[in-house]
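**Student:** Here you go, one structure.
Just so it is clear, none of the values below were taken in a lab; they were calculated from the coordinates. Treat the numbers as computed from the prediction; the structure is a model and nothing was measured. For neighbour counting, all protein chains shown are included, and Cβ atoms are generated from backbone atoms with ideal geometry for every residue, glycine included.
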Amino acid sequence: APAVPAPAAPAAPAAGGSGSAPASGPAAPAPIVSAPAAPNASAVDTAIAFARAQLGDAYKLGGSGPDVWDCSGLTKAAYAAAGIYIGTHSATNQYNTMASQGRLVSFSQVQVGDLVFWGSPGNYYHVAIYVGGGQVLEAADVGKPVRVHSIWSPGQVAPYVGRPS
């Protein structure tokens, strides 16, 4: 299979234009990838290995390591270990970053390493890494350590997952 290049930083819009529509505020990107690329196995392995090394660590809102995590702090650090920027320390921002990079894929095509989001557009309250078999690796909530757990509240799971690599 051909190598999948790492995502490039978003390019600045070109000045002027050749018959293009006038510039306005940033448009919401279309959340559909017509032919999703397979994840970069090496990056996924690195991110999941990082996250697995945190299993049992405590949950703390705003936590970003090394011994306490919240959901987006864990996903951000896991993919940073693989050299991939997935957005800031916010589930909503990580979803929007995946959308702006054209890296959203239908949940029906979820693969190991994809980011699963809970909530609704503009208000995603949780993110976790899909590890296969209907399970995610997550920093879920107060009193629950970093864990591998079945996908919960399926009615609140976003219809798209993020594929960072």
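**Student:** Quick one: if you stick a label point 7 Å off each Cα along the C-beta vector at S106 and H149, how many nm between them?
**Tutor:** Computed distance between label sites S106 and H149 equals 2.9 nm.
**Student:** In percent, what relative contact order does the stretch 41-162 have, based on Cα pairs under 8 Å that are 6 or more apart in sequence?
**Tutor:** Reported relative contact order: 28 percent.
**Student:** Dipole magnitude of the stretch 41-162 about its Cα centre, charges +1 at Lys/Arg Cβ and -1 at Asp/Glu Cβ only, in debye to the nearest 20?
**Tutor:** Details: 6 positive and 7 negative charges, 14 e Å.
About 60 debye.
**Student:** Contour minus end-to-end for S64 and A49, with contour as 0.36 nm per residue of separation and end-to-end as the Cα-Cα distance?
**Tutor:** Going from the current span to full extension adds 3.8 nm.
**Student:** Still on this model: Provide Rg over Rh for the stretch 32-165; use the alpha carbon set for both Rg and the Kirkwood Rh (inverse mean inverse pair distance).
**Tutor:** Expressed as Rg/Rh, it is 0.92.
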